[in-house]
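Below is one structure; the comments refer to it alone.
The values are calculated or read from the model by the stated rules, or taken from the named source; none is laboratory data. Keep in mind that what you see is a predicted model, and the values were worked out from it rather than measured. Don't worry about glycine lacking a Cβ; one is built from the backbone with ideal geometry, like all the others, and counts go over all protein chains shown.
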Amino acid sequence: MRKTGNNPGKVKPDKVNNVDRMYDKLFKIIDDRREELAELTAELIRFPTINPPGDAYRPCAEYLGNRLAKRGFGVEYIRAEGTPGDTDRYPRINVVARFDGRVAGPTVHFNSHIDVVEAGEGWSVDPFAGTIRDGRVYGRGACDMKGGLAASIIAAEAFMDANPDFPGAIEISGTVDEESGGFGGVAYLAGKGYFSRPRVDHVIIPEPLNKDRICLGHRGVWWAEIETKGEIAHGSMPFLGDCAVRHMGAVLEAFERELFPALDRKTTRMPVVPEGARRSTMNINSIHGGQTDDFRPGLPSPNVPDSCRLTIDRRFLLEENIVDVKGEVTSILDRLKSERKKFDYEIRDIMEVQPLMTERDAPVASAIARGIREIFDKEPEYVISPGTYDQKHVARIGHLYDCIAYGPGILDLAHRPDEWVGIDDMVQSAKVMAIGLDILLRGQFSG
Ligand SMILES: [Zn+2]
């Protein structure tokens, strides 16, 4: 059995002739392009596509487009005009490249975001130099997710070289703004039909979920702002007014006593990683009460606050529905309203995302699983991301559910100083992706 890792002597007799010979050529092409794969990753890192504000999107998109055009891809640049942050100084430029095979068939789309978060402090290398050292490529975005993007390009090109007559089509996109919600990227393109049938059938997002794991989706999100109301008065006579911050204190106390323990008790069949996120969670993102918070170097407001605002970030499970999720919060608020003198509140939705989980036997998940078995000689680990990513737009706007995240980066390194991606990991995951393409487009065998 063709293997890159351990157990060189272990052979699965049923596969030794057909499968191995078929993939020998493909694997050799990818192995021969190891340097090119590392250099492509480094080149992509050298575009400082920091979001916000959305720097260097155009040159990065054009670099990708030029490279893929040279390989015969048809290339489109799509500016997401009017989306958050889109200006002439910071245009939201996406690139979509498509290569149609000689005969009709399904389309596999690799989608990567080209934006990165700011570098922050604590780096021992220049975060935008694209340093290649000791088998790793370092830089902001190395793991999240320019390494995954580079691996998908090498995988697609190797597959095309090994199978010049392949049926169907391959698409590769570099999209923007994933780190800020994806509105100028995948959401915009999905709204224009780029992530729907019949154009596309299968989507792989090479986010850094580790090379032997398949990410099937994510938990749901509800962000909301709760405001408690009060009545302004002189701070020396608080009894003449009504303190909105004390009302919010009662809200927080009720959350501590009832809501947080209830959320902790909820379990799920979703294999969320890390383990701590395998339940419902809620973060209190911020709290603002009273008049301005920015009183220094003067004195704080002398008033009884008439408003206190709290934002919550509630992550929920496939087993929950958003009406109940909201109801858990509003029932506490309504009860306080009946129990507590003068208590009044408003609640505003900020964002809602439904939880998503592609089934393990979906075509794209089983094709990549077959690749993982082939390359690593083990069963893939199936995971669910604690936070969302662009898959939400593919599902909600594109109505395309055959979508997973699979990529070489190590999840824990994302957004950290000295972020890196391993070159061996990229080579191996490029092979997994190429096998995935083979199964999805050529349908050589079922896994
Ligand atoms: Zn990412």
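Miscellaneous remarks
- Residue check for E207: away from the ligand (no atom under 16 Å from the Cβ), charged (D, E, K, R) and touching a Ser or Thr at 6+ places or on another chain (Cβ under 9 Å): no
- Residue within the range 279-294 that is surrounded by 10 or more Cβ atoms within 10 Å (Cβ to Cβ), modelled with pLDDT of 90 or more and assigned to a loop (DSSP other than H, G, I, E, B) present: yes
- Considering the conditions (1) in a helix (DSSP H, G or I); (2) exposed (fewer than 13 other Cβ atoms within 10 Å of the Cβ), V251 is excluded by exactly one of them, (2).
- Restricting P59, P8 to those that are modelled with pLDDT of 95 or more and surrounded by fewer than 19 Cβ atoms within 10 Å (Cβ to Cβ) reduces the list to P59.
- Taken over the range 359-399, the criterion of being surrounded by 20 or more Cβ atoms within 10 Å (Cβ to Cβ) and over 21 Å from the mean Cα position of the chain (by Cα) is satisfied by R370, G371, E374, I375.
- Meeting the requirement of 1 or more residues that are within 16 Å of the ligand (Cβ to nearest atom), touching a residue at least 12 places away in the same chain (Cβ under 8 Å) and among the hydroxyl-bearing types (S, T, Y), the strands (runs of 3 or more DSSP E) wholly within the range 328-447 are 381-385.
- Subset of the range 282-321 [among the polar types (S, T, N, Q), touching a residue at least 40 places away in the same chain (Cβ under 8 Å) and within 24 Å of R348 (Cα to Cα)]: N285, S307, T311
- Scanning the range 175-185 for residues that are in contact with a Gly (Cβ under 8 Å, 6 or more places away or on another chain) and either away from the ligand (no atom under 12 Å from the Cβ) or part of a loop (DSSP other than H, G, I, E, B) (or both) gives V176, D177, G184.
- Cβ-Cβ distances below 9 Å connect the following pairs, each with a first residue in the range 144-160 that is over 18 Å from E35 (Cβ atoms), a second residue that is in a helix (DSSP H, G or I) and within 13 Å of the ligand (Cβ to nearest atom), and a separation of six or more residues or different chains: D144/E179; D144/L411; D144/L413; M145/E178.
- Every residue from the range 66-81 that is among the aromatic types (F, W, Y) and either at pLDDT below 95 or surrounded by fewer than 18 Cβ atoms within 10 Å (Cβ to Cβ) (or both): Y77
- Some residue of the range 229-242 being surrounded by fewer than 24 Cβ atoms within 10 Å (Cβ to Cβ) and under 26 Å from the mean Cα position of the chain (by Cα): no
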